[in-house]
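S.K.: Please find one structure pasted underneath; my questions will follow.
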Amino acid sequence: MDHEKVNILLVDDQPAKLLAYEVILRELGENLVVAASGREALEFLLKNEVAVILVDVCMPELDGFELAAMIREHPRFQKTAMIFISAIQVSDLDRLRGYEMGAVDYVPVPVVPEVLRAKIRVFAELYRKTRQLERFNAELEGRVRARTAELEQSNARLLESEQRRSLALAAGRMGSWDWDWVNGDWMWDEGQYRIFGVDPRSFVVTPANVQALLYPDDIDELQKATAQFAKGTKSYEAEFRIKRPDGEIRWCVGTAAATVDKGGRVVRVSGVTVDITERKQAEERQNLLAREVDHRAKNALALAQSIIRLTRGENVKAYIQAVEGRINALARVHTILSLSKWQGAEIGKLVDEEIAPYSTGDQIAFGGSEIQLQPATAQTLALALHELVTNSAKYGALSTLSGRLSIKWEMQGDVLRMVWEERDGPVVEKPVSRGFGTRSVIASIETQLGGQAEFDWRSEGLVCRLSVPLMRDMPIGQLDPHHNLALNGNGAKLTSRPADG
């Protein structure tokens, strides 16, 4: 195989010698370059790479020793092989000086062609192998750099992917874990620690520590599911509860899959945990709401039935008008409750809706604390207010333009106190017997709500005082769907609100 030719520089001030060297070395097949002086040799060296320099020791102006010293000062030629040719007897001191200047060998004159060719061949081949090795090293370093850069990019992509996965898991209230089935080592990601409510810096993931966070009633089922892996099961999915260190109960769904070796033995189990507490709460609320809607519908029908059965009228027209008025009152409060998803009705909104059909100018003023009424209370109170305002429009203050009506309320402990006060209307006389409206108010407040309704028939106007006990907050898990309670368990909720008018 043809080898790569290298430059061999022949330096001598005598042309005949240079020609002789060329003839001797021609059969090596290398590039032979001649220089008649040290300066010519330096000019060529500065522009070209040289494998071996054959230089005469005795030359005018710049002898071989001086040329060798100048060549060795250049960083690029510090390892270039130089062979001295000397026509005079060289002493040991001269040889030592030559070696110090960078010579690698001496050739005496007369030159033995075979010896010179052998020496040049060895150093040329050594130069060639060195250059090949340098190229190989450079290529290897290039490949190493490229591979390193590729690995760094791959690691960066992997890290970015892991970060995106962690963010996705965290955003989806998810966590992942890995269990080495052989040595028992566990690995949790950040989402897993977050779901269980523990600090990754202090919590040690061990079977005992994990079991301590599981809801006691769910431990047996999870242990049975885990044991199935040893029997050949490859995956499982289960819902379970955890009890965080702060006492909060969370619902989770866990999915796990086993990795087996060539022998079919389980070596690793990996899984994902998803916090489904909000979904469970939504399902619970939906079930409660369904029961509540069913109960509300039955209540509404029962109320409508009672209104129709108990309403009296002087004639059909009066009867229809009375029934429609009470049904409309029930419909208005139903609308308010529907808008709040049956969580309750704010009393100010309720009063406003019931008196709106009779409100003209500044005849009516109302206001009080902001109180959230539960659905059953709101329905009953709405019917009571309807009876009061209807009675006032027929016989009381609202039956004349000069009449005035004031409605005020406040919370005293757990009791709603409402005062209905009429004035400046027709002269009032205490009725001999209670009409349907009065009986309806008393029955709804006292019988259905366990409160009290007091009527003071003053000549200047009716004063009605209503006292209604309100239930306080109750956790959703303790709600009895057969009672008329709001889904969020809220009772009276007080905030400051100035009276209107």
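S.K.: Order these by the 10 Å Cβ neighbour count, fewest first: Val389, Val50.
M.R.: Least crowded to most crowded, the residues run Val50, Val389.
S.K.: Pop out the ³J(HN,Hα) list for the stretch 220-229 in order, Karplus 6.51 cos²θ - 1.76 cosθ + 1.60 with θ = phi - 60°, rounded to Hz; leave Gly and Pro as x.
M.R.: 4, 5, 5, 5, 5, 5, 5, 5, 5, 4
S.K.: Expected output is a single nm value to one decimal: the length gained when fully extending between Asn48 and Ser202, i.e. 0.36 nm times separation in residues minus the C-alpha distance. What is it?
M.R.: 48.7 nm
S.K.: How much length is gained if the chain between Arg439 and Glu125 is pulled fully straight, taking 0.36 nm per residue apart and subtracting their Cα-Cα distance, in nm to one decimal?
M.R.: Here the segment from Arg439 to Glu125 would lengthen by 100.5 nm.
S.K.: Can you flag which of Lys5/Lys79; Lys47/Lys79; Lys394/Lys430 are past 25 Å Cα-Cα?
M.R.: The pairs that break the limit, which is 25 Å between Cα atoms, do not exist here.
S.K.: On to the next question. Count the lysine pairs in the stretch 174-275 that are 8 or more places apart or on different chains: how many have C-alpha atoms under 22 angstrom apart?
M.R.: Lysine pairs meeting the criterion: 4.
S.K.: Which of the trypsin sites (Lys or Arg not before Pro) found in the stretch 16-69 are in a DSSP loop and have at most 15 neighbouring Cβ atoms, other than their own, within 10 Å?
M.R.: Listed in order of number, the matching sites amount to none.
S.K.: Give me the net charge of Ala258's neighbourhood, meaning all other residues with Cβ under 9 Å from the Cβ of Ala258; Lys, Arg count +1, Asp, Glu -1.
M.R.: Its environment carries a net charge of +2.
S.K.: Also: If I take all pairs of Cα atoms in the stretch 386-469, what percentage of them are more than 17 Å from each other?
M.R.: Within the stretch 386-469, distances greater than 17 Å cover 45 percent of Cα pairs.
S.K.: Could you let me know the centre-to-centre spacing of the stretch 241-296 and the stretch 345-381, using Cα atoms, in angstrom?
M.R.: Each part's Cα centre sits 44 Å from the other's.
S.K.: Under a 5 Å amide H to amide H cut-off, with H placed in plane at 1.01 Å, what residues pair with Trp181 once short-range neighbours are removed?
M.R.: Residues meeting the criterion, in which the H sits 1.01 Å from N, are Arg268, Val269.
S.K.: Sort Phe455, Phe84 so the one with the fewest other Cβ atoms within 10 Å of its own Cβ comes first.
M.R.: Phe455, Phe84
S.K.: Continuing with this model, one more query. At 0.36 nm per residue, minus the direct Cα-Cα distance, what do Gln132 and Ala16 gain on full extension? Give it in nm, one decimal, please.
M.R.: Gain on extension, Gln132 to Ala16, equals 38.3 nm.
S.K.: Once a ≥ b ≥ c are taken as the square roots of the eigenvalues of the Cα gyration tensor of the stretch 174-275, is the result rounded (a/c under 1.5), prolate (a/b larger than b/c) or oblate (a/b not larger than b/c)?
M.R.: Here the stretch 174-275 falls in the prolate category.
Rule-based calculations on the coordinates, nothing more; no lab input. Computed from a prediction, not measured in an experiment: that's the story for all the values here. Cβ coordinates were reconstructed from backbone atoms using ideal geometry, including for glycine residues, and neighbour counts include every protein chain displayed.
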